[in-house]
1. Please compute the length gained on full extension between V152 and Y132, using 0.36 nm multiplied by the number of residues separating them and subtracting their Cα-Cα distance.
2. Assuming R0 = 25 Å, what is the FRET efficiency of V102 and I76, from their Cβ-Cβ distance, to the nearest 0.05?
3. Could you work out the relative contact order of the range 72-166? I mean the mean sequence separation of Cα pairs under 8 Å and 6+ apart, divided by the number of residues, in percent.
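Rule-based calculations on the coordinates, nothing more; no lab input. For clarity, every value in this text was computed on a predicted model and none was experimentally measured. Cβ sites come from the backbone with ideal geometry, for glycine too, and all protein chains shown count toward neighbours.
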Amino acid sequence: MRAGFVLSFAALAGTSCFAQTEAMLDAPTVKATAAELPASATPATKPDAPPLIVPVKPAPKAAAPAHTFFDVKNGILLGTSAAGLIGDSLSTQRALPFGHEVNPIARPFVQSRAGAAAYGLAGYGMLAGGMYFAHRRGWHRLERVVPMVFTVTEGLLTYNNYHVVRK
């Protein structure tokens, strides 16, 4: 949105900045040499005078990322997320004879072990891909919080499934 505003502002206001009128084109120009200029117009020649042109330091390079994606914390988070997903998948398969899958999206997949494996793999892949996307965008807190919420949710679902089996 900000880029659109800048472009529209440059298109509308920028053209009038470069407009020249007929009078500007015919205006006389003054060309003078340094000898013809008054003494107050010439630059100071004192050795202690500051330079007229100040060198500009190059802009610093972009900062290195805060961490690599496959660091220890993300490895632990991905591992615990996988453990929670496996626990939920196994407990769902065990609880199916006592009821039905509550999630309507997962319901067609969990009727077989192959379907449950495909559904779990797709969910895990989306989690890891979302974490990587958040990492690349610089959203490092989101990158770490999402798998924590995922793991807690899967753990609670696992507990609920085994609670249904015990009854």
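1. So the extension gain works out to 5.2 nm.
2. 0.30
3. 47 percent
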